[in-house]
Amino acid sequence: NEKKNVFSYHHKMSHRSSDFNKIINKTESLLRELLNIPDNYKVLFLQGGGSGQFSSVPLNLIGLKEDRCADYLVTGTWSAKAAKEAEKYGKVNVVHPKLDSYTKIPDPSSWTLNPSASYVYYCSNETVHGVEYNFTPETNGVVLVSDMSSNFLSRPVDVSKFGLIFAGAQKNVGCAGVTVVIVREDLLGHALKECPIVLDYKVQAEMNSLYNTPPCFSIYIMSLVLEWIKNNGGSAAMEMLNKQKSSMIYDIINASNGFYVCPVDTACRSRMNVPFRVGKKEGDEALEKEFLDGASKRGMISLKGHRSVGGIRASLYNAVTLEDTKALADYMKEFLKDHQ
C-alpha cells in the first residue's frame, strides 16, 4: 500500500503548507520516540548529506572555545575526510597514533585528548573498511560529536551522551536527500561568522528546518521508514536482527580456514558492512570475480568492495532481511565447497 501511495503521488505540495508541516512534525516525533531524544535537543532535517556535515560541524562548533581546535578519531575513510575538512576552520588534533591500515580502533588508553578542544569527533561505523565502535568514547566532559550515517537506528543509542549526532538517511532510514542532525540546544549560536546561513544550526532550528525548501519527499519517505522500524520493535529489535545477520556471515568467514578473510580486528567488526577477500589474505582477483558473477546470477548485486579497498563487501542495513542474508550465507558455503 505504501508503494502505491508513493508512486501514484502526483500533486504539488508547498513546504510551507499545513500538510507538509504535519509530515515534518510526524517524522520528528517518531525519531524522538525511537531514540528517546531528550527535550533539550533539537532535531533538524537538512541537505548536503554526511559530507555537508563535515563542514557544518566545525563551522558551528569549533568556535565553542577560544582555541578553535577539535579532537578527531580517524578510523576509516569517512572520519579521515571529516578531519581534513575541519582543518579549514581550526586546528585538528588526531588523538591517536596514525593507523597503518583501517582495521582496528586504537585502544582508548593510547588517546591523547586535548581538554581545551571544542569537541571530540568520531564516525561510529566506517562503511568502506567495516569498522564499528561498540562503545561510546569517553571525552572527560568535552562535547562529543558522532557521524552515525551508516548505523543510525540499527541499535539503541543514548543520545544524552552526545552534543551532536548526524546521519545521512540513505543507509538505514530512507532515501538520499535528507540528513538528520540531533543537536543539544546549548551548542546553538556559536557558529563562526563565515558560516553560510543554510549551514547555521541555530537558524535552521529557529525555522523548524524550513529556512529554505527542505527535501520534502525524502522527509516523507523517512517518516514511512521510521513507522516501519517502530512497528517492527524499534532500535532494540533492529539490533537483534543485525547481530543475527552479521554473525551468520562472520561465522562462515571464521570457519573457512582462510578461504574468506576479513581483515578487521574481531573487537570492532561492523554489523552493517562485512568486507572480506576470497581465496587468500590479499584476495584472488579471478576467484573474486567468479564469486561476484555467481552472486549476481542469484540476484545478489552490489557486493563488490569499495573501489579503494577491493574485494567483497556485504552491507546488511536494516532493510536487508534474515532471508536475504541466509541466501548470501548459503551461496558463500556452496562457493567455498566448490573451490576448496
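Hey, among the residues in region 193-229 that are assigned to a loop (DSSP other than H, G, I, E, B) and among the acidic types (Asp, Glu), which one's farthest from LYS88 (Cα to Cα)?
First pass over region 193-229, keeping only residues assigned to a loop (DSSP other than H, G, I, E, B): 193-196, 200, 207-215.
Next, from what is left, pick out any that are among the acidic types (Asp, Glu): 194, 200.
On the way: GLU194: 12, ASP200: 17 Å.
Among residues in region 193-229 that are assigned to a loop (DSSP other than H, G, I, E, B) and among the acidic types (Asp, Glu), the one farthest from LYS88 (Cα to Cα) is ASP200.
Applying the selection to region 230-266, what residues are within 20 Å of the chain's Cα centre (by Cα) and assigned to a loop (DSSP other than H, G, I, E, B)?
Hits for region 230-266 are VAL264, ASP265.
Inspect all residues belonging to region 275-284 and state whether any of them is within 28 Å of PHE152 (Cα to Cα) and either touching a helix residue (DSSP H, G or I) at 6+ places or on another chain (Cβ under 8 Å) or surrounded by fewer than 16 Cβ atoms within 10 Å (Cβ to Cβ) (or both). Don't jump to the end; show me each part of the working.
Initial filter on region 275-284 (within 28 Å of PHE152 (Cα to Cα)): 275-277.
Then keep just the ones that are either touching a helix residue (DSSP H, G or I) at 6+ places or on another chain (Cβ under 8 Å) or surrounded by fewer than 16 Cβ atoms within 10 Å (Cβ to Cβ) (or both); that gives 276-277.
The answer is yes, given that some residue of region 275-284 is within 28 Å of PHE152 (Cα to Cα) and either touching a helix residue (DSSP H, G or I) at 6+ places or on another chain (Cβ under 8 Å) or surrounded by fewer than 16 Cβ atoms within 10 Å (Cβ to Cβ) (or both).
Out of region 308-335, which residues are aromatic (Phe, Trp, Tyr), in contact (Cβ under 8 Å) with a residue 40 or more places away in the chain and in a helix (DSSP H, G or I)?
Step one: filter region 308-335 for residues aromatic (Phe, Trp, Tyr), giving 317, 331, 335.
Right, trim to in contact (Cβ under 8 Å) with a residue 40 or more places away in the chain and you get 317, 335.
Hit for region 308-335 is PHE335, nothing else.
If you check GLU126 against the conditions, is it over 19 Å from the mean Cα position of the chain (by Cα) and either buried (at least 17 other Cβ atoms within 10 Å of the Cβ) or farther than 25 Å from GLY310 by Cα (or both)?
Working: over 19 Å from the mean Cα position of the chain (by Cα): no; either buried (at least 17 other Cβ atoms within 10 Å of the Cβ) or farther than 25 Å from GLY310 by Cα (or both): yes.
So GLU126 fails the test.
Between residues in region 22-35 that are hydroxyl-bearing (Ser, Thr, Tyr) and residues that are in a helix (DSSP H, G or I) and modelled with pLDDT of 95 or more, which pairs lie under 9 Å by C-beta distance while being six or more apart or on different chains?
Short answer, once both residue conditions are applied: THR27/ILE219; THR27/TYR220; THR27/MET222; THR27/SER223; THR27/LEU226.
Could you tell me whether ASN318 is farther than 16 Å from ILE252 by Cα and crowded, with 18+ Cβ neighbours inside 10 Å?
Numbers: farther than 16 Å from ILE252 by Cα: yes; crowded, with 18+ Cβ neighbours inside 10 Å: yes.
For ASN318, the condition - farther than 16 Å from ILE252 by Cα and crowded, with 18+ Cβ neighbours inside 10 Å - is met.
State the number of residues belonging to region 145-166 that are in a strand (DSSP E or B) and either surrounded by fewer than 20 Cβ atoms within 10 Å (Cβ to Cβ) or touching a Cys at 6+ places or on another chain (Cβ under 8 Å) (or both). Show your work before the answer.
Residues of region 145-166 that are in a strand (DSSP E or B), as a first pass: 145-147, 164-166.
Within this subset, residues satisfying the condition of being either surrounded by fewer than 20 Cβ atoms within 10 Å (Cβ to Cβ) or touching a Cys at 6+ places or on another chain (Cβ under 8 Å) (or both) are 146-147.
Residues that pass the stated criteria total 2.
Looking only at region 173-189, decide whether some residue is in the same structural domain as SER150 (by TED's automatic domain parsing), over 20 Å from the mean Cα position of the chain (by Cα) and assigned to a loop (DSSP other than H, G, I, E, B). Break it down into steps so the answer makes sense when it comes.
At the first step, the residues of region 173-189 found to be in the same structural domain as SER150 (by TED's automatic domain parsing) are 173-189.
In the following step, the residues that additionally are over 20 Å from the mean Cα position of the chain (by Cα) were identified as 185-189.
The next check asks that each one be assigned to a loop (DSSP other than H, G, I, E, B); those that pass are 188-189.
Yes - at least one qualifying residue is present in region 173-189.
Exactly one condition in (1) touching a helix residue (DSSP H, G or I) at 6+ places or on another chain (Cβ under 9 Å); (2) outside any loop (DSSP other than H, G, I, E, B); (3) farther than 24 Å from GLU28 by Cα is false for VAL128; which is it?
Failed condition: (2).
In region 149-204, what residues are at pLDDT below 95 and among the charged types (D, E, K, R)?
LYS171
Given the conditions (1) surrounded by 15 or more Cβ atoms within 10 Å (Cβ to Cβ); (2) outside any loop (DSSP other than H, G, I, E, B), which single one is not true for SER296?
Failing condition for SER296: (1).
Please count how many residues of region 51-73 are touching a Ser or Thr at 6+ places or on another chain (Cβ under 8 Å), within 25 Å of ALA169 (Cα to Cα) and part of a helix (DSSP H, G or I).
Qualifying residue count, region 51-73: 4.
For region 85-108, state whether one or more residues are in a strand (DSSP E or B), aromatic (Phe, Trp, Tyr), more than 30 Å from MET240 (Cα to Cα) and touching a residue at least 12 places away in the same chain (Cβ under 8 Å). Write out each step before concluding.
From region 85-108, those in a strand (DSSP E or B) are 91-94; that's our starting set.
With the extra rule that they be aromatic (Phe, Trp, Tyr), the set shrinks to none.
Among the residues of region 85-108, not one is in a strand (DSSP E or B), aromatic (Phe, Trp, Tyr), more than 30 Å from MET240 (Cα to Cα) and touching a residue at least 12 places away in the same chain (Cβ under 8 Å), which makes the answer no.
The values are calculated or read from the model by the stated rules, or taken from the named source; none is laboratory data. This one's a predicted model, so the numbers in the text were calculated from it and none came from an experiment. Cβ: placed from backbone, ideal geometry, glycine included. Neighbour counts: every protein chain shown.
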